[in-house]
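Worksheet for the structure shown next.
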Amino acid sequence: MDADLLMQEIYKIARRLGGMKIFNHNFPINNTEMQMMKEIVRVKEEGKRIISSDLAKALGVTRSAISQIVNKLEKEHLVERVPDEKDRKIAYIELSESALGVYDGLKRKISRVMSEVIRKMGEEKVRSFIEGASEFSKAVDEAVAEMGDADISGLEEKVLTARSRRGGAKVR
């Protein structure tokens, strides 16, 4: 298979997966917020608690970004900062009771949708897809690690020059 054709097909699949609508209405929580909520639930299910800096690491974002998300979700009564009993400088991030109810409802809906996907496709095809996608992702990671970064020297300067001509913001 031609590498360019493969890349086009992967982009098409990623766009379709990213654009899947499980719910028939606009969802009030963006992907990063949902990822954060899932991480809070995951840690809670392990019998632990999580702080902002650990959330930032888990999601691969800055502590500042987590702080902004927590502030927003706190105003919406979805998360709460719970001070540590021993060290008042530490605040754990937890889902509010109402958010836990919403999250459980979302999980049930997604579970029903995935059960229907399994019914339509068959368990073997679904397992094969997941295994193939995991193997593909691992192979891409290994290839990138072996080959190193692409040589894009000069690209940054071209982008900055084009932005400055348009009056756009400069990087750095």
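The values are calculated or read from the model by the stated rules, or taken from the named source; none is laboratory data. Note that the structure is a prediction, hence the values are computed from the model and not measured. Don't worry about glycine lacking a Cβ; one is built from the backbone with ideal geometry, like all the others, and counts go over all protein chains shown. What goes into the accessible areas is simple: the full protein's heavy atoms, side chains included, and nothing from ligands, DNA or RNA. Shrake-Rupley method; radii C 1.70, N 1.55, O 1.52, S 1.80 Å.
Values as computed for the structure displayed
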item: Table column - 3J(HN,Hα) (Hz), the range 123-131, Karplus curve with 6.51, -1.76, 1.60, x for Gly and Pro; result: 4, 5, 5, 5, 4, 4, 4, 5, 5
item: Net charge over other residues, Cβ less than 15 angstrom from the Cβ of MET1 (K, R count +1; D, E count -1); result: -2
item: Residues with amide H under 5 Å from that of ILE50, placed H, sequence gap 5 or more; result: ILE93
item: Net charge of neighbours whose Cβ lies under 15 Å from the Cβ of LYS120, counting Lys and Arg as +1 and Asp and Glu as -1; result: +1
item: Residue-wise HN-Hα coupling along the range 30-39, computed from phi with Karplus coefficients 6.51, -1.76, 1.60 (Hz; x: Gly, Pro); result: 7, 4, 5, 5, 5, 4, 5, 5, 4, 5
item: P(r) histogram, all alpha-carbon pairs of the chain included - 5 Å bins from 0, percent; result: 1, 6, 10, 13, 13, 15, 14, 12, 9, 5, 1, 0
item: Under-5 Å amide H pairs with LEU78, H placed in peptide plane, nonlocal only; result: none
item: Charge dipole (the chain, unit charges on Cβ, about Cα centre) - positive-most of LEU78, MET121, VAL140; result: LEU78
item: Radius ratio Rg over Rh of the range 45-98, counting only Cα atoms, Kirkwood formula for Rh; result: 0.96
item: Percent of alpha-carbon pairs separated by more than 23 Å within the range 26-123; result: 31
item: Cut-off 13 Å between beta-carbons: net charge of the residues surrounding ALA91, Lys and Arg +1, Asp and Glu -1; result: -1
item: In Hz, Karplus ³J(HN,Hα) per residue of the range 94-100 (6.51, -1.76, 1.60; θ = phi - 60°; x = Gly, Pro); result: 9, 6, 6, 4, 5, 5, 4
item: Point-to-point label distance, GLU131-THR161, nm (Cα→Cβ direction, 7 Å offset); result: 5.1
item: Per residue, in Å², the accessible surface of the chain once ligands and nucleic acids are set aside, probe 1.4 Å; result: 79
